[in-house]
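J.: Handing you a structure now.
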Amino acid sequence: MPQPYNPFVPYLNRYTTVSPEHEAAFDEFISQVDPPGKKLRLETKTEQFVITCFDRRPPPSVILTGNAGDGKTYLCRQIIERFTRQPVVSWVDQVDWPIEHGGYTLRVIKDLSEVGETTGANILEELALVQREPRSGTSFLIAANEGRLRAILAQEQLRDLKDEVDRQLREGPDLTNDRLIILNLNQITTSTYVPQTIEWITQRDHWDACQGCAAVDVCPIRWNAVRLSNTNVVQQLTHLYQILEHLGTHVTIRDMLIHLTYTVTGGLDCDTVVSRSRRIAWDAHRHVYYENIWGEGADTTFHRKVGVIRYLRRLNVGNSSVFEIDDFIVNSWPDSDAAQTEHDALFAPALDMDGRRFAQERRAYLSGGSASPRPDDEHPLIAWLPHCRRKLFFEWQNEAVNRLFPFRYLPDYFRLLTGDRAMLERYRSDVILGLNRAFSGLYLTDADHLYITSQYAHAVEQPVPIVRAKIATDYIDLRPHALTTAAFDRDLTTLVLEIPPPPRIDTAPVRWAIDLLRFEYLMWRARGGTANVLAAECELLIRNLKDELLSRFAAEDLDSSQIVFFAADRHRYTLQTLWIDEAGHMHI
């Protein structure tokens, strides 16, 4: 009798395939095979917005830009199926797809990169002609990566179109424009789609076929699908993606789909699981979801192909040793009955932990000490710690797990995003102090003003930063700022520092976004940390802020008879003023 298998598993593994066809035409590759059950359908703001645009009279043209894998081709498919009410069967060879809708012709160009430069230029010239003709009966939906789009627009005859595209890419989409709207899908927060995707993967009917399989009770694929249906686990997984977004990392939808499907299957198939389950010893715990998320069992080729795994491996919570967490794993806090019960539930004998072996090695460690039974080797329990930390991150409902991230001020950052005014005012002083130390290169202690200093003057042995402008901290605003738009899913709130000009300077305030990386760096500078932490990532950004403040706020003609500078004064730096009186005498 043949061994039953679940047809949904090979369908999921189509997402994780590593091949040139898969990489170059992801949407086409996936759509070649129908799923055994309901197809994944991501509900997006972008699709609804584009539909609304083409229902206008007259409809504007829309250009979709973004990285490969941001869903441009998928969105074109959805628009075609929406307006033709027919499934797209032949897709690969048809680049220009005209649709009649409401008396207008909508031309869908699914990928400008698939046509030659001459054809691409002709398409954009036709678009430019439509923009100049107010009574045109044609509009366009064009998908193009930004580099290809800009390269074609560099031609002289497309100058006006180039200027409009450049303006919207720089300033954001002009959603009320009745001729042309540019949507940059790089601005999408992919974390928005994580719960939808996990819900589709873990639907119970997708896993009904597992019943009757000889390996059903020891199958990591099915076990992962069950565990990922847990709300808390999904929240933590979504939180991982949100942290990447707060670090300025954009994850494409394609990478998310590959990553989440690999999280379930771990690259295994039904035959492999059944075959390995017959062995006396099988390390099934190496294929559980919280190992797969970081690609612990994947080869280097897969790591290289999947960007989100490369990003997450820099945040691998399994590699961070926190005493409170490691103590809980090893000792389970024996003085607390509640902690012992929680420990038993988390590390009970089960597939994900290969619990009996972990329990045996833990008992050996506790009874025999940390010495390894094998000379010159570390104790076997130590190898379990990264695995256990990753498990606790997803399944232990304790705020201590956030300390596994390599960010000391992560909890503070996310609390500030909630808009607590008292907390924002308290941390504003730390941000200003961090900027003062970064601007001047000195260990300043004054956070009552922001001091904007010029380049160092090397007139003495120790460099002297010259203060070109100062602004009272009370006038500077630190606040959360929600980045939302009706055009695409962008569920992201960041911190913004608004710096007003000094008195007698007539210019607009400077607004500077503070993401997680910048916040962490400024807190290290303000609270006595070493200046080299995150310096490579943040110092150029802070230097750019300083240069902008100098160019806009430092007026040369305010008072040319005096110089304000910081000078060493025993154990600190004090602000001093050098000036020349009417008689020409110099004073400090």
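The values are calculated or read from the model by the stated rules, or taken from the named source; none is laboratory data. Quantities reported herein were computed from a predicted structural model and do not represent experimental measurements. No Cβ is skipped: glycine too gets one built from the backbone with ideal geometry, and neighbour counts run over all protein chains shown. When the accessible area is computed, the model is the full protein with side chains, heavy atoms only, and any ligands, DNA or RNA have been set aside. Shrake-Rupley method; radii C 1.70, N 1.55, O 1.52, S 1.80 Å.
J.: Suppose we filter segment 308-346 for residues that are among the small types (Gly, Ala, Ser), more than 23 Å from LEU410 (Cα to Cα) and open to solvent by less than 10 Å² (accessible area, probe 1.4 Å); how many remain?
T.: 2
J.: Take the residues in segment 475-520 that are among the small types (Gly, Ala, Ser) and part of a loop (DSSP other than H, G, I, E, B); name whichever of them is farthest from PRO406 (Cα to Cα).
T.: Across segment 475-520, the extreme among qualifying residues is ALA508.
J.: Let me ask something additional. Quick test for you: out of THR73, THR46, pick the one residue that is in a helix (DSSP H, G or I), out of contact with any Phe, Trp or Tyr (no Cβ under 7 Å at 6 or more places or on another chain) and either surrounded by 13 or more Cβ atoms within 10 Å (Cβ to Cβ) or free of Cβ contacts under 8 Å to residues at least 40 places away in the same chain (or both).
T.: Checking each option against the conditions leaves just THR73.
J.: In segment 411-446, which residues are surrounded by fewer than 19 Cβ atoms within 10 Å (Cβ to Cβ), of a type in the set (Gly, Ala, Ser) and modelled with pLDDT under 95?
T.: Hits for segment 411-446 are GLY419, ALA422, GLY441.
J.: For THR189, state whether it is out of contact with any strand residue (DSSP E or B) (no Cβ under 7 Å at 6 or more places or on another chain) and hydroxyl-bearing (Ser, Thr, Tyr).
T.: no
J.: How many of the residues in segment 516-556 are open to solvent by less than 50 Å² (accessible area, probe 1.4 Å) and either at pLDDT below 90 or more than 25 Å from the chain's Cα centre (by Cα) (or both)?
T.: Number of matching residues: 13.
J.: Follow-up. Filter segment 316-356 for residues that are out of contact with any Cys (no Cβ under 9 Å at 6 or more places or on another chain), of a type in the set (D, E, K, R) and in a helix (DSSP H, G or I); which is nearest to ALA225 (Cα to Cα)?
T.: Here the answer is ASP352.
J.: Please tell me if LEU127 is surrounded by fewer than 20 Cβ atoms within 10 Å (Cβ to Cβ) and touching a residue at least 40 places away in the same chain (Cβ under 8 Å).
T.: When the stated conditions are applied, LEU127 does not pass them.
J.: Give segment 112-124 a look and list any residue that's touching a helix residue (DSSP H, G or I) at 6+ places or on another chain (Cβ under 6 Å) and either β-branched (Val, Ile, Thr) or surrounded by fewer than 20 Cβ atoms within 10 Å (Cβ to Cβ) (or both), or say none.
T.: SER113, ALA121, listed by residue number.
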